[in-house]
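Undergrad: One structure coming up, written as structure tokens, with questions to follow.
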Amino acid sequence: MAAQRAPASWSAWTTALALFLVPGFGLYLPNALIVTLAVCALVRVAESIRHRSLPCWRQTPFLLILALALWATSSALWAINAKAALEGAASLTGCGILLLLVLDTASALDRAGRHRAIISFSAGFALATTMLVTDMISGGYLAGWFRSYDISDILQQELALRSLNRGVTLLAVFCPVLFLIIWRLRQPSRRWTGLGMLALSLTCVLFWGKDAVVLAVIAAMLTAVITLLLGRWPWRILGGGLIALVLLWPLAVRSVPGPQQTWEQWRSWPHSLQHRLYIWNFTSARIEEKPWLGWGMNSSKFIPGGNQDVRVGQGKHELQWRALPLHPHNAILQWWLELGAIGAILAGGVVISTIRALCRLPDRPRRLVSAAIFGQACVVSLLSFGAWQSWWLAGLILCVWLINILEPLDQA
């Protein structure tokens, strides 16, 4: 391995362009984020080949991700759908490699390259916020254009607006990064302009976002406060809390009553959360059938009985719930369901290593922002999206990348 890291002569420009596009892509075309990262990674590979250098791959988080991907690959031997398991394992491996390469890019950027990248991201964030405001005023005109929907039709307009749910979540996750950028600005006029843009974006996110997004913003603030504690308390609270969740969540949701009882007992709760409880209870029962090895990577959509619907409620309030729609809408349960106890331990280890890294950050503002992003990611992962969705993992990789690009900057 070469002793010196390859300079980022090409990556400096691709990074700036990518970070300008990221907020807009995240809002309207989330799946394009993984392509954006892949292009940046390929440029970095070309630089490394040119200078005969390799990224520093012997890092605990990366090794744990590779171990998890290897276990996911092995699960194809007993998975319900071996092809889906191999595809999921390949996607996870790819995300790990992308993380390694973009972090290597961040470390190689000089001060001018970092400054250019941050300006580009800030401009892209402002553009994405403006586009979201436009959609809120126009009833989803831009969202309809990106998705080829005719918003004059009520049903297609609703589909266009729903297509923004993932993007609004990503915009919320990017907000702490913008706060860190604003924190490092010297000129009061720029700082106030940045705060105004951040306030506008948060207002749109909270107004538009689902309950999970609102809870994620609250979790971001609580997690950031925890990191202000002295000594090893942040590590103990966050790490201990994560371990407790991984071990106890499948047991806790096993005691949830049947679907009709759930609807009657928690009638005042949002219907989506009531449905989640039923999904989690069903998932917990399937976990008990294969607790050690799981059903195989990406097997959630193929679980026996998962495509069956039940009716709850009465009269005009009657609802139809699916036992397991695509995935459990909870990362911890998905770890257990698909990869068993071994996979849950490995995936939990990846998160624990992340907690340890953020608690060790010497720069307090960067530590607070990293914790805020972590808090948001936890809530969203426990309530909304699938654990292995590439666009979601790409969004988290981008946050880590941005935090590392900002690392050496004292003032912008």
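Undergrad: How about residue 290: which lysines have a C-alpha closer than 26 Å to its C-alpha, ignoring those fewer than 8 places off in the same chain?
TA: Cross-link targets: 83, 301.
Undergrad: With angles folded into 0 to 90 degrees, how steeply does helix 165-183 sit against the dominant principal axis of the chain? Use alpha carbons for both and round to 10.
TA: 30 degrees
Undergrad: Turning to a different aspect of this structure: Could you derive backbone 3J(HN,Hα) for region 215-231 from the dihedral phi with the Karplus parameters 6.51, -1.76 and 1.60 (θ = phi - 60°), listing whole Hz in sequence and x where the residue is Gly or Pro?
TA: Along region 215-231, the couplings run 5, 5, 5, 5, 4, 4, 5, 5, 5, 4, 5, 4, 5, 7, 5, 7, x Hz.
Undergrad: Can you run phi through the Karplus equation (6.51, -1.76, 1.60; θ = phi - 60°) for region 257-272 and list ³J(HN,Hα) in whole Hz, with x for Gly and Pro?
TA: So the Karplus estimates, Gly and Pro as x, are x, x, x, 5, 5, 4, 5, 6, 6, 10, 4, 6, 6, x, 4, 5 Hz.
Undergrad: OK, next. For a protection proxy built on the mean count of beta-carbon atoms within 10 angstrom, sort 53-65, 387-399, 30-42 highest first, please. Provide the component values of the computation, followed by the final result.
TA: Working: 53-65: 16.5, 387-399: 22.8, 30-42: 18.3.
Peptide ranking by packing, descending: 387-399, 30-42, 53-65.
Undergrad: For region 126-189, what is the charge dipole size about the Cα centre, in debye to the nearest 20, if Lys and Arg each add +1 at the Cβ and Asp and Glu each add -1 at the Cβ? Display every interim value, and only then the final one.
TA: On the way: 5 positive and 4 negative charges, 92 e Å.
The calculated dipole for region 126-189 is roughly 440 debye.
Undergrad: Taking every pair of alpha-carbon atoms in region 290-412, give the share separated by more than 21 Å as a whole percent.
TA: For region 290-412, the share of Cα pairs beyond 21 Å comes to 52 percent.
Undergrad: Quantify how much of the Cα-Cα distance distribution of region 1-145 extends past 28 Å, in percent. Walk me through the intermediate numbers first.
TA: On the way: 3676 of 10440 pairs.
That fraction is 35 percent.
Undergrad: I'd like the Karplus ³J(HN,Hα) series for region 313-325: coefficients 6.51, -1.76, 1.60, θ = phi - 60°, whole numbers in Hz, and an x wherever there's a Gly or Pro.
TA: Values per residue, Gly and Pro as x: x, 9, x, 6, 8, 5, 10, 10, 10, 8, 4, 8, x Hz.
Undergrad: Here's a follow-up. Determine the gain in length on full extension of the stretch residue 13-residue 152; use 0.36 nm per residue of separation and subtract their C-alpha separation, reporting nm with one decimal. Write out the running numbers ahead of the final one.
TA: Numbers: separation 139, 0.36 × 139 = 50.04 nm, distance 4.06 nm.
Working it through step by step, the gained length comes to 46.0 nm.
Undergrad: In a solvent-free Debye calculation with one equal scatterer on each Cα, what is log10 I(q)/I(0) for region 1-72 at q = 0.17 Å⁻¹, listed in the order of the q values?
TA: -0.82
Undergrad: Sum -39500 (n - 2.57) across every DSSP H segment of at least 4 residues in the chain, then divide by the residue count to get the 222 nm mean residue ellipticity, nearest 500. Walk me through the intermediate numbers first.
TA: Working: 16 runs with 291 residues, N = 412.
Rounded to the nearest 500, the figure is -24000 deg cm²/dmol.
Undergrad: Now for a separate question. Give the order of 289, 338 when sorted by the count of other beta carbons within 10 angstrom, beginning with the fewest. Write out the running numbers ahead of the final one.
TA: On the way: 289 11, 338 32.
The order, fewest Cβ neighbours first, is 289, 338.
Undergrad: Same structure, new question: Measuring from the lowest to the highest alpha carbon on each principal axis, how far does region 201-310 reach, largest first, in angstroms?
TA: 47, 37, 28
Undergrad: So how far apart, in nm, are the two label points at residue 289 and residue 39 if each is 7 Å from Cα heading toward Cβ?
TA: Distance between the two pseudo-spin positions: 4.4 nm.
Undergrad: Given a Förster distance of 60 angstrom, what is the FRET efficiency for residue 318 paired with residue 50, based on the Cβ-Cβ distance and rounded to 0.05?
TA: Working: r = 64 Å, r/R0 = 1.07.
Efficiency, rounded to the nearest 0.05: 0.40.
Undergrad: Hey, with R₀ at 35 Å, roughly what FRET efficiency would residue 243 and residue 271 work out to, going by the Cβ-Cβ distance, to 0.05? Display every interim value, and only then the final one.
TA: On the way: r = 32 Å, r/R0 = 0.91.
Working from the Cβ atoms, E equals 0.65.
Undergrad: Test of understanding: ordering 352, 49 by Cβ neighbours within 10 Å, fewest first, what list do you get?
TA: 49, 352
Undergrad: Let me ask you something else. Which of 46, 85, 16 moves the most in a Gaussian network model of the chain with Cα springs under 10 Å?
TA: Among 46, 85, 16, the largest GNM mean-square fluctuation belongs to 46.
Undergrad: Let me ask you something else. Taking N as the number of residues in the chain, what is its alpha-carbon radius of gyration divided by 2.2 N^0.38 Å?
TA: On the way: Rg = 21.7 Å, N = 412, 2.2 N^0.38 = 21.7 Å.
Cα-based Rg divided by the globular estimate yields 1.00.
Undergrad: Sticking with this structure for a sec: Let's test the formula: R0 of 25 Å, r as the Cβ-Cβ distance of residue 31 and residue 203. What FRET efficiency results, to the nearest 0.05? Provide the component values of the computation, followed by the final result.
TA: Details: r = 27 Å, r/R0 = 1.07.
FRET efficiency, residue 31 to residue 203: 0.40.
Undergrad: Taking the number of other C-beta atoms within 10 Å as the exposure measure, put 150, 135 in order starting with the fewest.
TA: Working: 150 10, 135 25.
Ascending Cβ contact count within 10 Å gives the list 150, 135.
Undergrad: If the chain between residue 363 and residue 225 were fully stretched, how many nm would it gain, using 0.36 nm times the residue separation less the Cα-Cα distance? Write out the running numbers ahead of the final one.
TA: Values: separation 138, 0.36 × 138 = 49.68 nm, distance 1.48 nm.
Result for the pair: 48.2 nm of gain on full extension.
Undergrad: Here's another thing I want to ask about it. Under the 0.36 nm per residue contour assumption, what length would be gained going from the current alpha-carbon distance of residue 255 and residue 195 to full extension?
TA: Working: separation 60, 0.36 × 60 = 21.60 nm, distance 4.51 nm.
Stretched out fully, the residue 255 to residue 195 stretch lengthens by 17.1 nm.
Undergrad: May I pose another question? Consider just the alpha-carbon atoms of region 168-210 and return their Rg together with their Dmax, both in angstrom.
TA: Final numbers for Rg and Dmax: 10.9, 35 Å.
Undergrad: How far, in degrees from 0 to 90, does helix 390-406 lean away from the longest principal axis of the Cα atoms of the chain, to the nearest 10?
TA: Roughly 30 degrees between the two axes.
Undergrad: Compute the acute angle (0 to 90°) between the alpha-carbon long axis of helix 111-138 and the principal axis of greatest extent of the alpha-carbon atoms of the chain; round to the nearest 10°.
TA: 40 degrees
Here, each number is a calculation from the coordinates, and none is a lab measurement. Quick caveat, the model's predicted, so the values are computed rather than measured. Cβ: placed from backbone, ideal geometry, glycine included. Neighbour counts: every protein chain shown.
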